[in-house]
Amino acid sequence: MKYNLLLICVVLLCISCGQDYVPKPKAYLRLDYPAPKYQTLDINAPFSFETNILATDVKLKKLPAKHESYGVNIEYPSLKGTIFLTYKAVNNSDTTLKQYLRDAEKLTLEHMIKADEVPPMFPFKNELEKVYGVFSEVRGNVASPAQFYVTDSVNHFLTGSLYFYAKPNYDSILPAANYMQKDIKHIMETLKWK
């Protein structure tokens, strides 16, 4: 009986010692977003563009201003973010366009204070539709990781910025920010003035 018990213990020890324990590496949250599908956004404004169908809520409102002005909020509830657009009509004065450009660049500069890195701005030009502008990205714990503006240099000026409904934590919002920045670039590429 002693030998049987001893034999069982030896067999159990041999079976249980097959592999060494290896701690699991730290895991990172994997966020997979659907491939973007775009549709033309038909709103009652002096411009049109294509937006991702993941943006389920688009709000347009006419803003009180001296010149024709609109605000458009493109909300992504699943990403907890919004792209805010502001349209302003340019009057025939050269100073109006210069002021709009200064204001758009000032917004980017305000976010650079908290930035870890500011990649070069990407100029944008679509000669066919007369859309010219700049896309700016700001990396780090900033309130708005992307801004842009486009204009036809004569009648129209549109500026936009990306915001999230969370405290800025660059590592956490990076996948969603990258996804929405591609949508911003698509807005710029498909923008048409009316």
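Values quoted throughout were computed directly from the atomic coordinates according to the rules given, and no laboratory measurement underlies them. Only a predicted model underlies this, so the values are computations on that prediction, with no experimental measurement involved. No Cβ is skipped: glycine too gets one built from the backbone with ideal geometry, and neighbour counts run over all protein chains shown.
Eigenvalues of the Cα gyration tensor times 5, then square-rooted: what semi-axes does that give for the stretch 78-176, in whole angstrom, largest first?
Semi-axes from the Cα gyration tensor: 27, 13, 12 Å.
Once both labels are modelled 7 Å past Cα along the beta-carbon direction, what's the residue 192-residue 143 spacing in nm?
Between residue 192 and residue 143, the label points sit 3.5 nm apart.
Only residues of the stretch 100-131 count here: report those whose backbone N is under 20 Å from the spot 7 Å along Cα→Cβ of residue 66, or say none.
Only 100-107 pass the distance filter.
Residues with beta-carbon under 12 Å from that of residue 125, excluding residue 125: net charge, scoring Lys, Arg +1 and Asp, Glu -1?
Overall, the nearby charge balance is -3.
So what are the chain's ellipsoid semi-axes, whole angstrom, largest first, if each one is the square root of 5 times an eigenvalue of the alpha-carbon gyration tensor?
Semi-axes from the Cα gyration tensor: 54, 18, 13 Å.
What three numbers, in Å, describe the spread of the alpha carbons of the stretch 99-157 along their principal axes, ordered from the longest?
Principal axes ranked by extent give 36, 21, 14 Å for the Cα atoms.
Which residues make up the longest stretch of the chain that has no GluC sites (Glu not before Pro) in a DSSP loop with at most 15 other Cβ atoms within 10 Å?
In short, 1-126.
Residue by residue, what Karplus-based ³J(HN,Hα) values in Hz, rounded to whole numbers, does the stretch 176-182 have, using 6.51, -1.76 and 1.60 with θ = phi - 60° and x for Gly and Pro?
5, 5, 4, 4, 6, 5, 5
Return the calculated 222 nm mean residue ellipticity for the chain, to the nearest 500 deg cm²/dmol, obtained by summing -39500 (n - 2.57) across DSSP H runs with n ≥ 4 and dividing by the residue count.
Here the helix-only value at 222 nm equals -9500 deg cm²/dmol.
FRET efficiency for residue 129 and residue 43, Cβ-Cβ distance as r, R0 = 22 Å, nearest 0.05?
The value I calculate is 0.80.
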